Amino acid sequence: MGWGCVRHFSEPDVVGRSVPRSRRGLASFVLALACAACAGPDAEQIRLCERLIPALENEPVEIVAGEEDLVATHAVIVRYRTGLTDEPRWISCRFGGGGLDRDRMRLVGVVTDRDGPLSEVAVFMLRQYWLDLYEGQARATGPGAQDREGGARGVLYLAQIAVNGITLGGIYGLLAIGYTLVYGIIGRINLAFGEIAMVGAYATFIGVAALALLGPGALPLGLIVVLLAAAAIGAVHGFVTERLVFRPLRDVPSQAPLIATVGLAIFLQEYLRLGQGAGERWIQPVFTRAHELAAAAGFAVTITTGQILILLLVLLMYGLLWLLMARSRFGRAARACADDVGMAALCGVNVDRTVALTFSLGAAYAGIAGFVILMRYGGVGFQDGLLVGFKALTAAILGGIGSVPGAMLGGLLVGLLEAGWAGYLAIAYKDVALFALLAAMLALRPHGLLGQPVRLANDQFRARPA
């Protein structure tokens, strides 16, 4: 049901081209992750240290180099020149931690070649009043600050919103795939996928805490292990959900399974609250170094290393799902069950196992979405799954629930809508606008952009008027 959009993936010429691309994508993701984590000194700490220089120098400065300071732990040194002399100067910044420590970006000490170690009061003033206001000062006094409505600046601002929206849309798309896979095979919606994503996020927090104890050297491969662990934990929760909640109610001709998932969502929330505590869990965001894509009129379009890695991961997971559904025995069984469960069973397909594996696969993608949410935004709470889950469900419905490409498209649209609304209109109303769009879509096109018309009570498809 609704898997017609996936069926063309099995064409040999398409699949033949997809396999090497997916392998190259996996290698590129692992290489990018390893390079970003093992590039020597902490790039984000160096960038923060560079921001201190204008507070200490009245002349224009030229950055010469940034490197690890071997004199102290968790310290970097930035060498620079002022506009009045060619004699090199330096500033050393000490931080509260390294790697994945929570205080990795907390400035605790500053040493300069001219004044030596700064006092604790001076460091506090720099941290509290200079660093927090630095970006706003740069925007207010930088070149082009008086031309905020210029055409070039407006285009670049729109491009920056698009970058942020695409990244956010990829996260929603990963979670929307879970809704789509389950609905496509049994015609039911599991409202607890948002909470399963939070389970993956909490598992990620525990894994990151363990990596912090091992030190920065464990970061590249360690994060990949944490990612796989979050996916595996999500898959286990999906399997148990199918076995204990959906299988007994699968043939019930009512909305009992949907109501049961509401109870399941509440159970998982309390399960996280009691098991991990009611407080939010925070880590220091990693891979936050910004790369400039374009600049004009005093505005620069940037993309962070973390956003690049998220996009690579999302594309990789989309590609792997594509291949799984097109070339594997499980994919053929899942498409057969989606078309006609009874006929698939008569043809020898193990329906119970196929449905259980589909639940596990969708929950694994939810766990990966939880991993990305925590690594991208740095914080997670046991109650966050409700809103995140409903936004991902909105994405699945907009794209066409039951259609895997529709889930990807819906996630992209929701991410762009959120980023665009927050960039141009009152941010307090962005969720109102999103769910208003959902209501309009359900009224005008209930099967979504790429989905098939809904199955009616008499078990027949009827084309809806355009």
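The values are calculated or read from the model by the stated rules, or taken from the named source; none is laboratory data. Being a predicted model, the structure only gives us computed values, none of them experimental. Ideal geometry is used to build each Cβ from the backbone, glycine not excepted, and the neighbour counts take in all protein chains shown.
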(message) Checking the conditions here, which among Arg114, Arg47, Arg79 is under 31 Å from the mean Cα position of the chain (by Cα) and not assigned by TED's automatic domain parsing to the domain that holds Leu221?
(response) Arg47
(request) Given the conditions (1) over 17 Å from Leu158 (Cα atoms); (2) surrounded by fewer than 18 Cβ atoms within 10 Å (Cβ to Cβ); (3) of a type in the set (A, V, I, L, M), report the number of the one that Ala295 does not fulfil. (result) (1)
(request) Name every residue in the stretch 151-170 that is farther than 17 Å from Trp421 by Cβ and either surrounded by fewer than 19 Cβ atoms within 10 Å (Cβ to Cβ) or in contact with a strand residue (DSSP E or B) (Cβ under 8 Å, 6 or more places away or on another chain) (or both), in order of residue number. (result) Gly151, Ala152, Arg153, Val155, Leu156
(request) Report yes if Leu258 is in a helix (DSSP H, G or I), closer than 18 Å to Phe193 by Cβ and either in contact (Cβ under 8 Å) with a residue 12 or more places away in the chain or under 21 Å from the mean Cα position of the chain (by Cα) (or both), otherwise no. (result) yes
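Asn164: touching a residue at least 12 places away in the same chain (Cβ under 8 Å), in a loop (DSSP other than H, G, I, E, B) and polar (S, T, N, Q), yes or no?
Details: touching a residue at least 12 places away in the same chain (Cβ under 8 Å): yes; in a loop (DSSP other than H, G, I, E, B): no; polar (S, T, N, Q): yes.
So Asn164 does not fit the description; no.
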(message) Among the listed residues Ile166, Ile224, Ile186, identify the single one that is in the same structural domain as Met317 (by TED's automatic domain parsing) and in contact with a Pro (Cβ under 9 Å, 6 or more places away or on another chain).
(response) Ile186
(request) Could you run through the stretch 422-466 and say how many residues are under 20 Å from Ile185 (Cβ atoms), at pLDDT below 85, surrounded by 11 or more Cβ atoms within 10 Å (Cβ to Cβ) and not aromatic (Phe, Trp, Tyr)? (result) 5
(message) Under 7 Å between Cβ atoms, which residue pairs at least 6 apart in sequence (or on different chains) link something in the stretch 220-246 that is over 17 Å from Leu361 (Cα atoms) with a partner that is outside any helix (DSSP H, G or I)?
(response) Pro220/Cys38
(request) From Gly234, Gly238, Gly263, grab the single residue that is closer than 14 Å to Ile189 by Cα, among the small types (Gly, Ala, Ser) and surrounded by 14 or more Cβ atoms within 10 Å (Cβ to Cβ). (result) Gly238
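Give the stretch 284-303 a look and list any residue that's under 24 Å from Leu223 (Cβ atoms), in contact with a strand residue (DSSP E or B) (Cβ under 8 Å, 6 or more places away or on another chain) and at pLDDT below 85, or say none.
Taking the stretch 284-303 as the starting set, the residues that turn out to be under 24 Å from Leu223 (Cβ atoms) are 284-291, 302-303.
So of that shortlist, the ones also in contact with a strand residue (DSSP E or B) (Cβ under 8 Å, 6 or more places away or on another chain) come out as 287-291, 302-303.
Result: Phe287, Thr288, Arg289, Ala290.
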(message) Against the definition (of a type in the set (D, E, K, R), modelled with pLDDT of 70 or more and surrounded by fewer than 15 Cβ atoms within 10 Å (Cβ to Cβ)), how does Arg114 come out, yes or no?
(response) yes
(message) Out of Ile303, Ile266, I need the residue that is of a type in the set (A, V, I, L, M), free of Cβ contacts under 8 Å to residues at least 24 places away in the same chain, closer than 27 Å to Gly379 by Cα and assigned by TED's automatic domain parsing to the domain that holds Val355. Which one?
(response) Ile266
(request) Give the stretch 267-312 a look and list any residue that's in contact with a Leu (Cβ under 8 Å, 6 or more places away or on another chain), farther than 19 Å from Arg102 by Cα and hydrophobic (A, V, I, L, M, F, W, C), or say none. (result) Ala294, Ala295, Ala296, Ala297, Phe299, Ala300, Val301, Ile303, Leu309
(message) When you scan the stretch 274-288, do you find a residue that is among the charged types (D, E, K, R) and either in contact (Cβ under 8 Å) with a residue 60 or more places away in the chain or in contact with a helix residue (DSSP H, G or I) (Cβ under 8 Å, 6 or more places away or on another chain) (or both), even just one?
(response) yes
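If I go through the stretch 373-387 residue by residue, how many of them are under 8 Å from Ala201 (Cα atoms) and under 12 Å from the mean Cα position of the chain (by Cα)?
Number satisfying all stated conditions: 2.
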